[in-house]
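Colleague: Provided herewith is a single structure, encoded as structure tokens, for subsequent inquiry.
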Amino acid sequence: MADEYMEVCRGLWGSWEPGAIVADRRNGVLVDHTKVHAVNYNGKYFRTRGPLNSGPAPQGQPVIAQAGGSPRGRKFAAAHADTIVVHAKGIEAMRAYRDDVHKNMVAQGRKPSDCKVLYLINPILGETMEEAQERRRKRACLAMAHIDERLAHFGKVTNIDFGKFDLDKPLPDHVTTNGHQANLEQFRKMANGRSIRETMASFNAVDYSVELVGTPDSVAARMGEVMQEVGGDGYLFTMPNVNRRTLAEIEGPGAHRLRARPVPRQPAGVLRGRLMAGSAPLRWRSRDSGHTDCGAKEEHERHGSGALPAMRLRRTTRSAGSGANLLEQ
């Protein structure tokens, strides 16, 4: 179902060619109908008729972000994602995940550079190393004091009701999930026979992919070192306590130290352009080159080759003499 959904979405996003919106007030033409194409999809789960009911975005289509940890999720991400959010513990696991996704992308006929792998991190910063370590200790204490709340959140992402288990015993082996499978797998590995309560006290309490604790300079240096070892594309910050102070710490000295280091920079512009580092923008594809046009032949018979009739601007008069532009066929 998910693959079919993406096929439908890509077809609709590609139904408007670049330059389809003319907005010619002098001649009363809003849209060049020869550049708008019907996407009549008839699949197992979804059906569509006509084009997308809004014009094209500057970036061609939205960025597809995937959090795929299971084998099925990785294959889906390799086929469709522009970026993957990864929660892999440690450098070896981070590298192995990226290599696996790249292998699946090649099998799908995609270039590995077409999808950026971003690793989850949660830096703990201090003006000194001692201050950062103290903050780490306090965060660990807070995690221990809020086991129930953290289990409730973990249950939300895994679709597991932990309230029916004895928290002072290990998680039963028979428990599975249709939710976030990678999180459950990591929880079991970290538990290693410990009780649910003991495991949750340290699970994602102070780190994610790698532990980053220290001054802005030391954390920035470690982030660069890890990326060199892993060969990844970047990080995604995830913080349980997002407020003005934590944002200021990351956006202030932390970001300043990173910018001062010789690491690749992304160009300005729309998110897709920044993420894909100058990759060519997506373009509309004709049916001959793979555009999805299935079934509903009456549209083609009425308008020819899937194109829509011209849309023109009509001026109407409202109260107080105000005007409004309406579409008419």
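Colleague: Quick one: how many residues across the stretch 25-57 are β-branched (Val, Ile, Thr), closer than 14 Å to Arg10 by Cα and out of contact with any Ser or Thr (no Cβ under 6 Å at 6 or more places or on another chain)?
Modeller: Matching residues across the stretch 25-57 total 1.
Colleague: What do you reckon, is Gly109 surrounded by fewer than 16 Cβ atoms within 10 Å (Cβ to Cβ) and closer than 19 Å to Thr238 by Cα? Quick ask: steps written out before the conclusion?
Modeller: Working: surrounded by fewer than 16 Cβ atoms within 10 Å (Cβ to Cβ): yes; closer than 19 Å to Thr238 by Cα: no.
No.
Colleague: Listed residues Asn183, Asn204; which is modelled with pLDDT under 85 and assigned to a helix (DSSP H, G or I)? Reasoning before the result, please.
Modeller: Details: Asn204 fails: assigned to a helix (DSSP H, G or I).
Criteria check complete, one pass: Asn183.
Colleague: Considering each residue of the stretch 1-43, count those that are among the basic types (Lys, Arg) and not in a loop (DSSP other than H, G, I, E, B), and give that number.
Modeller: Count: 2.
Colleague: Run Glu4 past the list (1) buried (at least 18 other Cβ atoms within 10 Å of the Cβ); (2) touching a Gly at 6+ places or on another chain (Cβ under 6 Å); (3) at pLDDT 90 or above and report the number of the one that doesn't hold.
Modeller: That leaves (1) as the condition not met.
Colleague: Now a separate question. All but one of (1) part of a helix (DSSP H, G or I); (2) of a type in the set (Gly, Ala, Ser); (3) farther than 17 Å from Glu185 by Cβ hold for Gly60; which doesn't?
Modeller: Condition (1) is where Gly60 drops out.
Colleague: Are there any pairs with C-beta distances below 7 angstrom linking a residue in the stretch 72-101 that is farther than 21 Å from Met223 by Cα to a residue that is modelled with pLDDT under 85 and surrounded by 23 or more Cβ atoms within 10 Å (Cβ to Cβ), with the two at least 6 apart or on different chains, and if so which?
Modeller: Pairs found: Arg74/Gly68; Phe76/Gly68; Ala77/Gly68.
Colleague: If we scan the stretch 213-235, do we find a residue that is more than 16 Å from Gln133 (Cα to Cα), assigned to a loop (DSSP other than H, G, I, E, B) and polar (S, T, N, Q)?
Modeller: No, the stretch 213-235 contains no residue that is more than 16 Å from Gln133 (Cα to Cα), assigned to a loop (DSSP other than H, G, I, E, B) and polar (S, T, N, Q).
Colleague: Can you report the number of residues in the stretch 129-144 which are within 12 Å of Leu212 (Cβ to Cβ) and either in contact with a Lys or Arg (Cβ under 9 Å, 6 or more places away or on another chain) or outside the structural domain of Ser218 (by TED's automatic domain parsing) (or both)?
Modeller: So the count comes out to 0.
Colleague: Residue under question is Val210, and the condition is that it be closer than 16 Å to Thr238 by Cβ and part of a loop (DSSP other than H, G, I, E, B); does it hold?
Modeller: Against the criterion (closer than 16 Å to Thr238 by Cβ and part of a loop (DSSP other than H, G, I, E, B)), Val210 qualifies.
Colleague: Please verify whether Ala132 is among the small types (Gly, Ala, Ser), out of contact with any helix residue (DSSP H, G or I) (no Cβ under 7 Å at 6 or more places or on another chain) and either modelled with pLDDT of 85 or more or part of a loop (DSSP other than H, G, I, E, B) (or both), treating the condition exactly as stated.
Modeller: Taking the combined requirement at face value, the residue satisfies it.
Colleague: Within the stretch 78-118, track down each residue that is within 19 Å of Met190 (Cα to Cα) and either outside any helix (DSSP H, G or I) or within 14 Å of the chain's Cα centre (by Cα) (or both).
Modeller: Val86, His87, Ala88, Lys89, Gly90
Colleague: Right, Gly43: surrounded by fewer than 18 Cβ atoms within 10 Å (Cβ to Cβ) and out of contact with any strand residue (DSSP E or B) (no Cβ under 7 Å at 6 or more places or on another chain) or not? Give the steps one after another, and end with the answer.
Modeller: Working: surrounded by fewer than 18 Cβ atoms within 10 Å (Cβ to Cβ): yes; out of contact with any strand residue (DSSP E or B) (no Cβ under 7 Å at 6 or more places or on another chain): yes.
Against the criterion (surrounded by fewer than 18 Cβ atoms within 10 Å (Cβ to Cβ) and out of contact with any strand residue (DSSP E or B) (no Cβ under 7 Å at 6 or more places or on another chain)), Gly43 qualifies.
Colleague: Of everything in the stretch 136-160, what is in contact with a Leu (Cβ under 8 Å, 6 or more places away or on another chain) and part of a helix (DSSP H, G or I)? Give them in sequence order.
Modeller: Matches in the stretch 136-160: Ile147, Leu151, Thr158.
Colleague: Moving to a separate point now. Tell me, yes or no, whether the stretch 190-206 has at least one residue that is over 29 Å from Asp99 (Cβ atoms) and without any contact (Cβ under 8 Å) to a residue 12 or more places away in the chain.
Modeller: yes
The values are calculated or read from the model by the stated rules, or taken from the named source; none is laboratory data. Only a predicted model underlies this, so the values are computations on that prediction, with no experimental measurement involved. Positions of Cβ are backbone-derived with ideal geometry, glycine not excepted, and every protein chain shown enters the neighbour counts.
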